[in-house]
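Student: Below: one structure in structure tokens.
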Amino acid sequence: MLPENGKLLRIFIGEIDRQDDLPLYEWIIKKAKEMKMAGATVFRGIEGFGAKSHLHTAKILRLSQDLPILIELIDIEEKIDEFVEIIDPVIKEGIVTTENVEVKFYRNGK
């Protein structure tokens, strides 16, 4: 169960980033599951750039091996803050943001 006022964590990293012999996005999802976070989703971008302004794209003529990855997690503020402390040392490049969200419902289908 999630309260009405939650926190959204967004993590923007690259597809080739790694931690402990895993893609970093898989490592982050694994840690989120271990912490029993309310939920997490990984999105693979088709184009983007970051702090270095290097364009990463899925276009055929400029196919990148390092497409943008966005991970979103929603939970209570305390769990999000604790999770940020865990991931901070392993994210070498990228950006992490948080924002307050209003949870309308959170259902498991049962």
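Student: Every residue in region 54-110 that is of a type in the set (Asp, Glu) and at pLDDT below 95, please.
Tutor: Matches in region 54-110: ASP66, GLU93.
Student: Could I ask something else about it? Does region 68-105 hold any residues that are assigned to a strand (DSSP E or B), among the aliphatic types (A, V, I, L, M) and under 25 Å from ILE16 (Cβ atoms), and which are they?
Tutor: ILE69, LEU70, ILE71, LEU73, ILE95, VAL96
Student: All but one of (1) surrounded by fewer than 11 Cβ atoms within 10 Å (Cβ to Cβ); (2) touching a residue at least 60 places away in the same chain (Cβ under 8 Å); (3) not β-branched (Val, Ile, Thr) hold for PHE83; which doesn't?
Tutor: The one condition PHE83 does not meet is (1).
Student: Could you give me the residue pairs with C-beta distances under 7 Å whose first residue belongs to region 5-21 and is in contact (Cβ under 8 Å) with a residue 60 or more places away in the chain, whose second residue is surrounded by 20 or more Cβ atoms within 10 Å (Cβ to Cβ) and aromatic (Phe, Trp, Tyr) wherever it lies, and which are 6+ apart or on separate chains?
Tutor: LEU9/PHE83; ILE13/TYR25
Student: Can you pull out the residues in region 36-48 that are hydrophobic (A, V, I, L, M, F, W, C), surrounded by 13 or more Cβ atoms within 10 Å (Cβ to Cβ) and either under 18 Å from GLU77 (Cα atoms) or at pLDDT below 95 (or both)?
Tutor: Result: MET37, ALA38, ALA40.
Student: Okay, moving on. Select from region 2-21 the residues that are loosely packed, with under 13 Cβ neighbours inside 10 Å and out of contact with any strand residue (DSSP E or B) (no Cβ under 8 Å at 6 or more places or on another chain) and list them in ascending order.
Tutor: Selection gives PRO3, ASP20, ASP21.
Student: Can you give me the number of residues within region 22-35 that are surrounded by 12 or more Cβ atoms within 10 Å (Cβ to Cβ) and in a helix (DSSP H, G or I)?
Tutor: Qualifying residue count for the region: 9.
Student: Scan region 19-41 residue by residue and report those that are in contact with a Phe, Trp or Tyr (Cβ under 8 Å, 6 or more places away or on another chain) and either within 28 Å of SER53 (Cβ to Cβ) or aromatic (Phe, Trp, Tyr) (or both).
Tutor: Correct list: GLN19 only.
The values are calculated or read from the model by the stated rules, or taken from the named source; none is laboratory data. All values derive from a computational prediction rather than experimental measurement. For neighbour counting, all protein chains shown are included, and Cβ atoms are generated from backbone atoms with ideal geometry for every residue, glycine included.
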